[in-house]
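Only one structure is covered here, and it is reproduced in the block below.
Read-outs throughout are calculated quantities, based only on the coordinates presented, and are distinct from any laboratory measurement. Being a predicted model, the structure only gives us computed values, none of them experimental. Here Cβ is always computed from backbone atoms with ideal geometry, including for glycine, and neighbour counts include all displayed protein chains.
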Amino acid sequence: MGRLFGTNGIRGVVNEDMTVELASRVGRAAGKFMGGMVAIASDTRVSGDMIKQAVSAGLMASGCNVVDLGVLPTPALQYFVKTRTEIVGGVMITASHNPPKFNGIKCVSSDGTEMSREDEETIEDNYFSKDQSDSAKTGRVWKESGADELYVNAVISNVDADAIRAANLTAVLDCANGAACATAPLLLKRLNVRAKTLNADPQGEFPGHNSEPTEENLKDLIDTMKKGGSDIGIAHDGDADRTVFVTEKGDFVSGDKSLALIARSELGKSKGLIVTPVSSSSMVEEVVLAVGGKVKYTAVGSPIVARAMIESEAIFGGEENGGLIFPGMQYCRDGAMAVAKMLEAIVKNGPLSKQIKTLPVYHTFKFKLEADTEEKDKLMKTFAKEKYEGAKKDKTDGIKLVFDDGWVLLRPSGTEPIFRIYSESKDKSLAKKRGEEFVDLAKSYISK
């Protein structure tokens with residue numbers, strides 16, 4: 001039996017791996033599992049309509065009715081599914097931060113959360129089943145508007161909107177020409193934040209920059225912030241479930257720093273548990289413990305973090321890539337909620353640059369090696385077998401080697417043919433050197 005789903009849905013190169021035939025068959029398999037009215041939306045990719053219509057055809061062939069919400073951020077689709085009792089599930093057509101030639105299919109449960117691995121396996125079983133007969137009943141599709149307003153209004157209701165409005169903040173907003181175009185400018189307008197927008201034209205090919213919101217890809221945003229006159233820089237990825245920030249002085253804020261700042265802000269309201277993957281900086285734990293909170297570590301992947309948060313009744317959680325989860329809103333990565341909460345934190349705790357200075361300093365280096373499935377498996381088996389002096393092995397996800405003066409995380413990507421190596425320490429040169437040593441080790445293991 002094959003496997004379709006990675007850590008964040010099904011992804012592939014359009015018309016190579018991600019074909020109309022595959023999309024239709026996935027829709028039929030998902031519809032057989034969901035068995036009711038399904039909401040569907042897409043990000044701005046050129047292939048979005050093609051893949052969405054193919055999935056919709058499969059859903060209808062299985063007897064499901066389909067509500068097409070158009071172009072939306074992933075969390076906006078999830079909120080629609082969560083709040084509409086007649087909707088039994090959702091499908092988001094997106095490849096998130098991947099280049100334009102990719103697209104993907106992400107399935108959503110009736111409570112708005114990304115589908116569990118167990119449910120994905122059921123869809124996979126349906127997909128690979130020899131019985132591909134369609135339902136005797138054929139579903140219909142119709143378009144519905146208003147999901148963007150529903151989502152933005154909900155976000156605003158989860159923060160101190162009056163305090164934000166009274167602050168008369170200014171922002172520079174980079175939508176990556178992605179799904180954020182549908183909601184982010186509206187959110188800032190409703191919060192009385194005067195915004196200058198970059199890459200806010202949903203053109204589908206992400207012409208402004210690659211949709212992964214890294215420091216290298218956000219030069220225009222950073223340069224604009226350095227000119228002064230704005231309180232915060234905001235950048236979304238392609239489907240707007242993640243957000244990264246730039247300070248009023250033009251300094252890029254890594255995702256683990258925004259995670260730590262908002263965790264501290266949320267713990268200031270009520271004490272509790274923060275959930276984050278093993279890939280997050282130790283800085284997060286240090287900040288959380290300092291204000292009386294606790295940390296629970298999980299494997300990498302927002303669905304895993306979200307379900308751990310539900311089980312442990314956590315007050316906040318998220319990943320080091322800018323994907324933050326707010327239980328008061330919904331249990332999924334939510335880019336608009338991250339924006340609203342960071343605006344609230346600035347109003348209540350001061351300028352972003354000053355807040356950043358209060359964080360403990362850790363240095364994290366991230367490396368990646370091209371590796372196919374066979375090579376990734378070989379690396380994991382070899383790293384698991386070998387012993388490394390002075391290190392404790394944590395196998396929560398991949399292999400995390402914890403030293404007295406830092407850690408190294410070794411794990412295969414679940415969405416790309418890549419093997420990732422993270423190295424962290426308070427000593428910058430040590431973190432870099434140790435990371436490079438493990439990169440060399442990985443290369444030698446592959447070549448053997």
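Annotations for the structure displayed:
- Considering every alpha-carbon pair of the range 150-357, the percent of pairs per 5 Å bin, from zero through the bin containing the longest distance, is 1, 8, 17, 21, 22, 16, 10, 3, 1, 0.
- Shape category assigned to the range 127-260 from the gyration tensor of Cα positions, a/c cut at 1.5: prolate
- Sum of side-chain charges, Phe128 neighbourhood, beta-carbon under 11 Å (Lys, Arg +1; Asp, Glu -1): -1
- Neighbour-limited loop hits for GluC sites (Glu not before Pro), the range 1-89 (at most 11 other Cβ within 10 Å; DSSP other than H, G, I, E, B): Glu16, Glu86
- For the chain, the antiparallel share of DSSP beta bridges with both residues in that region comes to about 60%.
- For the range 270-296 and the range 156-201, distance of Cα centres in Å: 28
- Label-point separation in nm, Glu86 to Asp372, each point 7 Å along Cα→Cβ: 4.9
- Over the range 363-447, relative contact order from alpha-carbon pairs under 8 Å, at least 6 apart, %: 36
- All other residues whose Cβ lies under 14 angstrom from that of Lys137 are scored, Lys and Arg at +1 and Asp and Glu at -1, for a net of +2.
- Alpha-carbon centroid distance for the pair the range 403-448 / the range 1-31, whole angstrom: 31
- Taking every DSSP bridge with both residues inside the range 10-144, close to 40 percent are antiparallel.
- Expressed to the nearest 5 percent, the antiparallel share of DSSP beta bridges inside the range 150-357 is 40 percent.
- Hits among lysines - C-alpha to C-alpha of Lys130 under 26 Å, sequence gap 8 or more where chains match: Lys32, Lys52, Lys106
- Dividing the radius of gyration of the alpha carbons in the range 1-123 by their Kirkwood radius gives 0.92 for Rg/Rh.
- At the listed q of 0.08, 0.12 Å⁻¹, the Debye profile of the chain, built from one uniform point per Cα, gives log10 I(q)/I(0) equal to -0.44, -1.03.
- Most fluctuating residue given options Ala167, Ala180, Ala57, as computed from a GNM of the chain linking Cα atoms under 10 Å: Ala167
- Binned Cα-Cα distance frequencies in the range 171-238 - 10 Å width, integer %: 23, 55, 22, 0
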